[in-house]
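A short write-up of the structure that comes next.
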C-alpha cells in the first residue's frame, strides 16, 4: 500500500514537473489576488462569520456577482467600490481560485 | 553560491514536494530556507502565516514578538468608550504555532547584522536568516512634545492597544460630569488616519450616556480632518451637537502633566482627561538595519517586493514603511502588504521573479457611535512605470452615510481580519 502511494506520487511529480514554471506563476498570481479578499472573507474564502464564504462557490456564480458589483447593477455598501479596483480578467482569476477551494463547512 | 544551491535543494523541487504532501519533509529536511519575521502585529503575523501556508511548510518561519499576546488597535476605541472588553480585542499567537508551524519567540531584538544575516535577541539567541522581514509598527517621538516623556500615565496616548487603552477608559469613566476630554492629533502621517476622529465620537457617545454635560475637544495639528471628513462632521452634528468641538491648525508645543495642560501654538487648554497622540516614526527596530529613513521617520521600500533599498534580503512592511501614494497606515494595509511580501519572498527564495503586478486594497471602518459605523475603501495596483502602488482611479470610496448595517460589517471585518492574521 505504501509502495503504491509512493509510485503514484512519483508519477504525479513527474507529470507536474514539466509545465510547472508558467503554470506555477499563474497559480500564485491568482492566489495572491484572492488573498486580497481574505481580510473580510477569510483565508482562502473561509469566512470567520458575518461575511459570505467564497470557498467552493461555483466560478460563474461568483464571477457574475463580482461583475454585477463592478457595473453597479448590484447595489452594495462597499463591494461596488472594491470590485471596480480589479480588471475583468482579475475578477475571473479570483472567481476561478475560490471555486477550486474546498467549500466552507459553515456555508 | 552555496546558499543558492541550498535554495534550489530546498525550494526548486516545489512541484515534487507538492506531489508528496506526506513526505515533503524528507527532501527538504537537509536545509530549509529560514525567514525571520520581527513584529507580530497585523503585518508580521500575517506574513508569518502566509509564508508557511504558501510554501506548504517548506520554509521555516520564526516570528519574534516581545508581547505575549496580540492586542488589536482596530476596535480598541470601542474599549475606550466602554462598549467592548479588552478580552474581545486580545488574541493569542497559538494558531500561528499550532496550525501553521511558525516558531514563536517572545523576545526583543537587540542587533541585526545584515552582512552575516543574523538577528540577535535580548535573551542571547542568534537567529540566522535567508530573508528578514521587519514589521515593527510605530514608535512615538515623545521628545517632540516638551514635558510628555515619562508621563504616559497622566497623559495617555492609547495609540498602541493594551494597558494604555484601559487607562484611558478609566480616566474617562472617572472624569467629573461637565469635564473636558481633550484629544491632540499630530501632523500626518500617523497610524490609522480616521482613528482619532472615531475616538472623539466614541468618547462623546460614552459621555452622552454617562456625563451629558461633558465637552470633547479635538485639537488637531492638521488643517483639517484627515479621513471621512464629511461623514464625521455630519455624525457629530446629528449626534453630539455642542459636545464635540473641532479646532484645526492646533500644533502642540508642550504639556504640563501635573495640571493636564496642553500648550498649543495659539492657546493653552486645561483638560480633565488629556489624550495626546504623539508624532510617530517607524518602530525603532528598523534603526538596527541602518537604512536611510525618509524624513527621518519611515523606511523606503521597493513596493514590488517590499525589499529595503540597497539592503539585500531585508523587507519592511506595515506602518514603518514609507507608504506609496494614498496608502494609509492601517492594520488592513499591513496585512495586505504582508501577502505581497510573502509571495515575493517565496519567489525569490526559489530564484523566480516576483509577481510583476501585485494588488493591495484597504478597508477601514470607523464607528461614530455605539450603533453606527462607516467605511473608506481603496484598491491599489502596482504600476511598473512608476515603480510603486497607485490607487486605481474610479475604485474605492466612502459610505454614503454611517449606518447600523455598517456597524455589523465592521464587527465582521474585525473577526475576519483577526482570523486571517492569526488563525
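Bear in mind these aren't lab numbers, they're just calculated from the coordinates by the rules spelled out. The shown structure was predicted, so the numbers you read here are calculated from the model rather than taken from an experiment. With ideal geometry, Cβ positions are generated from the backbone for all residues, glycine too; neighbour counts draw on all protein chains shown.
Numbers at a glance
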| item | result |
| --- | --- |
| Extended-chain gain in nm, criterion 0.36 nm per residue less alpha-carbon gap, residue B:390 and residue B:111 | 97.0 nm |
| Angle in degrees between helix B:404-422 and the longest Cα principal axis of chain B, rounded to the nearest 10 | 30 |
| Label-to-label distance, nm, for residues given as residue A:102 and residue B:251 (7 Å Cα→Cβ offset) | 5.8 |
| Three-way shape label, chain B, alpha-carbon gyration tensor, a/c 1.5 | prolate |
| Which of B:303, B:298 has the fewest Cβ neighbours within 10 Å, and the rest in rising order | B:298, B:303 |
| Over chain B, relative contact order from alpha-carbon pairs under 8 Å, at least 6 apart, % | 17 |
| Region A:54-107: Cα Rg divided by the 2.2 N^0.38 Å rule of thumb | 1.11 |
| Within 10 Å of each Cβ in B:148-160, the average number of Cβ atoms from other chains | 0 |
| Potential lengthening between residue B:94 and residue B:154 on full extension [0.36 nm per residue; Cα-Cα distance subtracted] | 18.2 nm |
| Exposure proxy order (Cβ contacts within 10 Å, fewest to most) of B:206, B:246 | B:246, B:206 |
| Average beta-carbon neighbours from other chains, 10 Å sphere, peptide A:45-53 | 4 |
| Computed [θ] at 222 nm, helices only, for the protein assembly as shown once each DSSP H run of length n ≥ 4 contributes -39500 (n - 2.57) | -10500 deg cm²/dmol |
| Residue mean of other protein chain beta carbons inside 10 Å, B:408-419 | 5 |
| On Cα atoms only, tilt of B:229-239 relative to the major axis of chain B in degrees | 40 |
| Burial ordering of B:62, A:87, fewest other beta-carbon atoms within 10 Å first | A:87, B:62 |
| 0 to 90° range, to nearest 10: angle between helix B:42-54 axis and chain B longest Cα axis | 30 |
| Nitroxide proxy distance, nm - points 7 Å out along Cα→Cβ at residue B:326 and residue B:398 | 1.4 |
| Measure of compaction for region B:104-226 (Cα Rg per 2.2 N^0.38 Å) | 1.42 |
| Simple label model, 7 Å out from Cα along Cβ direction - residue B:86 to residue B:293, nm | 2.9 |
| Tail weight of P(r) past 45 Å, computed on alpha-carbon pairs of the protein assembly as shown, percent | 15 |
| Alpha-carbon centroid distance for the pair region B:135-185 / region B:343-391, whole angstrom | 30 |
| Cα gyration tensor shape for region B:281-358, rounded if a/c is under 1.5, else prolate or oblate | oblate |
| Förster radius 35 Å - calculated FRET efficiency between residue B:125 and residue B:371, Cβ distance, rounded to 0.05 | 0.15 |
